[in-house]
Amino acid sequence: MADAVKIDFAKMDGLVPGIVQDYQTGEMLMLGFLNETSYQKTLETGFVTFWSRTRSKLWMKGETSGNRLRVIEASTDCDNDALLFRVEVEGDGLVCHEGTVSCFTKKIETETK
């Protein structure tokens, strides 16, 4: 991979946010964080692997539930400090640990003007 994009892990103490989006529907599924090791693991395996900030270890989403995130496309933002993974979800499709397709289910009321 000679033309690999250099991701800027320095801005957030070695981490970058990784947004996960369903390739078919466009729905935002979750947000996690990656360090250089989890990013390389994601590129090598084709499945999104995160860095758990609370457990201080690598974790592949779906390693216990079976709802793995197979990368179809990956891109970075203009500053190379955030990642977007467009994925196909394996398993029953319930990405969130609360048993929903997306982690983004809690509505926040906003004022409209």
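Things worth noting here:
- Applying the condition of being of a type in the set (D, E), assigned to a loop (DSSP other than H, G, I, E, B) and open to solvent by 60 Å² or more (accessible area, probe 1.4 Å) to region 61-113 and asking which residue is farthest from Q40 (Cα to Cα) yields E111.
- Being among the aliphatic types (A, V, I, L, M), part of a strand (DSSP E or B) and touching a residue at least 40 places away in the same chain (Cβ under 8 Å) is a description that applies to L29.
- When I19, I7 are screened for being more than 13 Å from the chain's Cα centre (by Cα) and open to solvent by less than 80 Å² (accessible area, probe 1.4 Å), only I7 passes.
- Residue list for region 36-54, restricted to those being surrounded by fewer than 18 Cβ atoms within 10 Å (Cβ to Cβ) and either assigned to a loop (DSSP other than H, G, I, E, B) or touching a residue at least 24 places away in the same chain (Cβ under 8 Å) (or both): E36, L43, G46, R53, T54
- Taking residues in region 87-113 that are under 16 Å from G66 (Cβ atoms) and modelled with pLDDT of 95 or more, and partners anywhere that are open to solvent by 70 Å² or more (accessible area, probe 1.4 Å) and hydroxyl-bearing (S, T, Y), the pairs with Cβ atoms closer than 7 Å and at least 6 places apart or on different chains are V87/Y23; E88/Y23.
- From the options L34, L43, residue that is modelled with pLDDT of 95 or more, closer than 18 Å to V16 by Cβ and in contact with a helix residue (DSSP H, G or I) (Cβ under 9 Å, 6 or more places away or on another chain): L34
The values are calculated or read from the model by the stated rules, or taken from the named source; none is laboratory data. The structure presented is a predicted model; accordingly, all values stated were derived computationally and were not measured. Counting neighbours? That spans all protein chains shown, and the Cβs are built from the backbone with ideal geometry, glycine included. Accessible surface is based on the protein model in full, side chains and every heavy atom, while ligands, DNA and RNA are left aside. Shrake-Rupley method; radii C 1.70, N 1.55, O 1.52, S 1.80 Å.
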